[in-house]
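In what follows, a single structure is set out as structure tokens and then discussed.
Read-outs: derived from the displayed coordinates by stated rules, not from any lab. No experiment lies behind these values; they were computed from the predicted model shown. Counting neighbours? That spans all protein chains shown, and the Cβs are built from the backbone with ideal geometry, glycine included.
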Amino acid sequence: MNKKTTVIWKQSGLAFDAISKNGFSFPLGVTSGDTITPSELLVLSLIGCTAFDVISILEKKKASVSSFFVEAETTVSQEIPKRIEAIHLQYTVVGNAVKEEDVKRAIQLSEEKYCMIRNTLKDVVSITSDYKIQSVNE
């Protein structure tokens, strides 16, 4: 039996509980604050997906990464129907002796092959990226 991903209305305004197919739940709403908005969730899905790929590839290459994060900036259309027009990803890798070619290749593999969310969005949203590598002492 397939499990379903579900959103349940809390019977108050535009407040919902989102429940994953594995039973994890979190608040979903239309305003930032104590909830995640659907558009934020979409972007978080993208950066989470690519972050998993990149750090997994860097670990397989035995890169000495002490910190890693991905940030996203979005451009949203002003006209109705609103849509996310562009997402720019900024990868930051912190570590000693991290090879630039390893970082570039990990990002490339994620973007071109492994990240299902990016592969789903790429034909309808402009997705760009860059990266920076910092030593632990910076």
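Numbers for the structure displayed
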{"read-out": "Nearest 10 degrees, 0 to 90: helix 38-60 Cα axis against the chain principal axis", "value": "30 degrees"}
{"read-out": "Full-extension gain in nm, N119 to N137, via 0.36 nm per residue minus C-alpha separation", "value": "2.9 nm"}
{"read-out": "Residues with amide H under 5 Å from that of V125, placed H, sequence gap 5 or more", "value": "none"}
{"read-out": "Pairs of Cα atoms farther than 17 Å apart, the chain, %", "value": "66 percent"}
{"read-out": "Using θ = phi - 60° and Karplus 6.51 cos²θ - 1.76 cosθ + 1.60, couplings along the range 78-88 (whole Hz; Gly, Pro as x)", "value": "8, 8, 8, x, 5, 7, 7, 8, 8, 9, 10"}
{"read-out": "Computed FRET value (nearest 0.05) for E73 with D17, which takes r as the C-beta separation and R₀ as 30 Å", "value": "0.60"}
{"read-out": "Charge tally in the Cβ shell below 15 Å around V124, where Lys, Arg are +1 and Asp, Glu are -1, V124 excluded", "value": "+2"}
